[in-house]
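Asks: Please find one structure pasted underneath; my questions will follow.
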Amino acid sequence: MAQFFDIHPENPQVRLLRQAAALLARGAIVAVPTDSSYALVCHLDDKTAADKLRSIRGVDDKHHLTLLCRDLSELANYARVDNKQFRLIKAATPGPYTFILEASKEVPRRLSHPSRKTIGLRVPDHKTLQCLLEIHGAPLLATTLIPRGQTEPLNDAQDIRDQLEHELAAVIDAGACPQEPTTVIDLTAMGQGGEPVVVRQGRGDLAALGL
């Protein structure tokens, strides 16, 4: 049965988030709130956990997973970012945007897109999740929490616990979050002089990026 962490949205209890971080360090899958919808997260360097995360989500290795980063300096460690790409990302960070970029050598090959060697990265604007990332001390591998066979993300912690309590180690409840995924923008073409490509229009406003 999944543990349930009831977190204050404005003053997250560090003691409880340390317990959640300890689960992640042991290879657990945890449901976390974000500034878009809930997400499933796991340790970046744990292949077994990454495979389980994909299984819960019902996707294969061709589906882009995302790295949740604390800030832009961390993002630059895992992706190749030129000045033009960086300026666009900075305009939307932190926020409900996922950027697809060329993966750096720091990203394990099994986690980047198998044919394109790209990775999704984002910096969430959510106090509880930022606190968890700080305690964890590294990016978390993530995917939108859409259960197998469903099309809409879950945004209620109790619903998540009811549906997935035997597949998750924990659910973090910091209040309901928006039931809308991130806006996904592929920036890889910009590295060759091309334009950004909007892959999915989600909660992030494209006008904020001039798109």
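Asks: So, residue 148, is that one surrounded by fewer than 21 Cβ atoms within 10 Å (Cβ to Cβ), basic (Lys, Arg) and part of a loop (DSSP other than H, G, I, E, B) or not?
Replies: So residue 148 fits the description; yes.
Asks: With respect to the numbered conditions (1) at pLDDT below 90; (2) part of a loop (DSSP other than H, G, I, E, B), which one is the sole condition not fulfilled by residue 162?
Replies: For residue 162, the failing item is (2).
Asks: List every residue pair whose Cβ atoms sit under 9 Å apart, with the two residues 6 or more apart in sequence or on different chains, where the first one lies in the stretch 187-204 and is over 22 Å from residue 76 (Cβ atoms) and the second, anywhere, is surrounded by 12 or more Cβ atoms within 10 Å (Cβ to Cβ) and of a type in the set (Gly, Ala, Ser).
Replies: If the second residue must be surrounded by 12 or more Cβ atoms within 10 Å (Cβ to Cβ) and of a type in the set (Gly, Ala, Ser), the pairs left are 202/36; 202/37; 203/36; 203/37; 203/95.
Asks: Right, something else. Within the stretch 117-145, which residues are over 17 Å from residue 30 (Cα atoms) and either crowded, with 23+ Cβ neighbours inside 10 Å or over 12 Å from the mean Cα position of the chain (by Cα) (or both)?
Replies: 117, 118, 119, 120, 121, 122, 123
Asks: Follow-up. Looking at (1) within 14 Å of residue 133 (Cα to Cα); (2) over 19 Å from the mean Cα position of the chain (by Cα); (3) not hydrophobic (A, V, I, L, M, F, W, C), can you tell me which one residue 94 breaks?
Replies: The single condition residue 94 does not satisfy is (2).
Asks: Another question, if that's okay. Mind telling me which of the residues 199, 107 ends up being hydrophobic (A, V, I, L, M, F, W, C), touching a strand residue (DSSP E or B) at 6+ places or on another chain (Cβ under 6 Å) and part of a loop (DSSP other than H, G, I, E, B)?
Replies: Going through 199, 107 in turn, the sole match is 107.
For (1) in contact with a Gly (Cβ under 9 Å, 6 or more places away or on another chain); (2) buried (at least 18 other Cβ atoms within 10 Å of the Cβ), each residue gets a yes or a no:
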position	(1), (2)
2	no, yes
7	yes, yes
10	no, no
16	no, yes
20	no, yes
25	no, no
38	no, yes
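Asks: Further, regarding this structure: If residue 100 satisfies all but one of (1) under 19 Å from residue 208 (Cβ atoms); (2) out of contact with any Ser or Thr (no Cβ under 6 Å at 6 or more places or on another chain); (3) outside any helix (DSSP H, G or I), what's the number of the condition it fails?
Replies: Answer for residue 100: the failing condition is (2).
Asks: Quick check on residue 173: is it within 21 Å of residue 7 (Cβ to Cβ) and modelled with pLDDT of 90 or more?
Replies: yes
Asks: Looking at the structure I just gave you, is residue 114 at pLDDT below 85 and either farther than 15 Å from residue 172 by Cα or touching a helix residue (DSSP H, G or I) at 6+ places or on another chain (Cβ under 7 Å) (or both)?
Replies: yes
Asks: Give the residues of the stretch 71-96 that are in contact with a helix residue (DSSP H, G or I) (Cβ under 8 Å, 6 or more places away or on another chain) and within 17 Å of residue 45 (Cα to Cα), sorted by residue number.
Replies: 75
Asks: Further question: Select from the stretch 184-211 the residues that are buried (at least 17 other Cβ atoms within 10 Å of the Cβ), touching a Ser or Thr at 6+ places or on another chain (Cβ under 7 Å) and under 22 Å from residue 103 (Cα atoms) and list them in ascending order.
Replies: 184, 188
The values are calculated or read from the model by the stated rules, or taken from the named source; none is laboratory data. Only a predicted model underlies this, so the values are computations on that prediction, with no experimental measurement involved. So basically every Cβ, Gly included, is an ideal-geometry build from the backbone, and we count neighbours across all protein chains shown.
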